[in-house]
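Data first, discussion second: the structure below is written as structure tokens.
The values are calculated or read from the model by the stated rules, or taken from the named source; none is laboratory data. For clarity, every value in this text was computed on a predicted model and none was experimentally measured. Glycine also receives a Cβ, built like all others from the backbone with ideal geometry; neighbour counts cover every protein chain displayed. Areas reflect the complete protein model, heavy atoms only, side chains present, ligands, DNA and RNA absent. Shrake-Rupley method; radii C 1.70, N 1.55, O 1.52, S 1.80 Å.
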Amino acid sequence: PGTYQIIDNPLKLSRPEWDRVVAVFVQGAAWQFKGWPWEQPGELFKRIKGYYLHIEGGSAPMAIDASWNVTHLV
């Protein structure tokens, strides 16, 4: 089994470290990706798996659309 590291400040990642990122949990706003190698969510989630957590019966923010390719978890 591999070892995973959970971080809360991706702006500190080096380019080689970005190649090892396996998942991103999103808040629902495109601004959260400012300064990332792929600032557009559609481009980011072609490369890295995205997840959005929400409560049962709730809905995702309008900004999270099909182009983001994000899995919704309840």
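Quick notes on this structure:
Here is a yes/no grid of residues against (1) open to solvent by less than 100 Å² (accessible area, probe 1.4 Å); (2) in contact with a His (Cβ under 9 Å, 6 or more places away or on another chain); (3) modelled with pLDDT of 95 or more; (4) at negative phi:
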residue	(1), (2), (3), (4)
ARG20	no, no, no, yes
ALA23	yes, no, yes, yes
GLU39	yes, no, no, yes
GLY42	yes, no, no, yes
GLY58	yes, no, no, yes
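- Residues of the stretch 15-57 satisfying the condition of being touching a residue at least 12 places away in the same chain (Cβ under 8 Å), of a type in the set (Gly, Ala, Ser) and assigned to a loop (DSSP other than H, G, I, E, B): GLY28, ALA29, GLY35
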